[in-house]
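Peer 1: This is the structure I want to talk about, given as structure tokens.
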Amino acid sequence: MSVLILSGSKSDKEIVDKITSTLDEFGVDYSYEVASAHRTPEKLEQIIKNSNADVFIAVAGLSAALPGVVASKTHKPVIGVPINVKLDGLDALLSIMQMPPGVPVATVGIDNGKNAALLAIQILSLKDNSLIPKLKKMREQWKK
């Protein structure tokens, strides 16, 4: 598995679907788990510990602790996707962006699961050159 997608709640499925559809389009393998940093911290810790993923994508709203907790438990890249639940998603965005030194989390726009998937694909392309032509093709399509 290349990417592990985590969401704090089943209600985040709409954003997760944007991530998985983009990863499917590129043929990137992934797994998806629901685990909350607050409600199921032991489950979350075990998932991270036992994962062989190269990149983590963590989807979270409100206090959005999930991406930071994941980043605190792995040396691998973590991408945070803030969800618009309250305050137009600004609470989640700022929570994910303001990680302390030593706990980096890449952050994409509010509800922007597609960009999270694309960033994960770019990271994976550093090792897997077969993804580069697909990324270039997508960029060409955006120019039209």
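Peer 1: When you scan segment 31-42, do you find a residue that is of a type in the set (Lys, Arg) and within 18 Å of the chain's Cα centre (by Cα), even just one?
Peer 2: Scanning segment 31-42, I find no residue that is of a type in the set (Lys, Arg) and within 18 Å of the chain's Cα centre (by Cα), so the answer is no.
Peer 1: Follow-up question, since we're still on this one. Residue by residue through segment 118-130, note down the ones that are surrounded by 10 or more Cβ atoms within 10 Å (Cβ to Cβ) and either at pLDDT below 95 or over 19 Å from Lys18 (Cα atoms) (or both).
Peer 2: Within segment 118-130, Ser125, Leu126, Asp128, Ser130 qualify.
Peer 1: What strands (runs of 3 or more DSSP E) completely inside segment 1-104 contain at least 2 residues that are surrounded by fewer than 21 Cβ atoms within 10 Å (Cβ to Cβ) and either hydroxyl-bearing (Ser, Thr, Tyr) or modelled with pLDDT under 95 (or both)?
Peer 2: The strands (runs of 3 or more DSSP E) meeting that bar are 30-34.
Peer 1: What number of residues within segment 105-117 are out of contact with any Lys or Arg (no Cβ under 6 Å at 6 or more places or on another chain) and either at pLDDT below 95 or assigned to a helix (DSSP H, G or I) (or both)?
Peer 2: Residues flagged as out of contact with any Lys or Arg (no Cβ under 6 Å at 6 or more places or on another chain) and either at pLDDT below 95 or assigned to a helix (DSSP H, G or I) (or both) within segment 105-117 amount to 3.
Peer 1: Between a first residue in segment 117-144 that is under 17 Å from Val3 (Cα atoms) and touching a residue at least 60 places away in the same chain (Cβ under 8 Å) and a second residue that is of a type in the set (Ser, Thr, Tyr) and not in a loop (DSSP other than H, G, I, E, B), which pairs have beta carbons less than 9 Å apart while being 6 or more apart in sequence or on different chains?
Peer 2: Filtered contacts from segment 117-144: Ala117/Thr20; Ala117/Ser21; Ala117/Thr22; Ala117/Tyr30; Leu118/Thr22; Ala120/Thr22; Ala120/Tyr30; Ile121/Thr22.
The values are calculated or read from the model by the stated rules, or taken from the named source; none is laboratory data. All of these numbers come straight from a predicted model, not from anything done at the bench. FYI the Cβ positions are ideal-geometry reconstructions off the backbone, even for glycines, and counts take in every protein chain you see.
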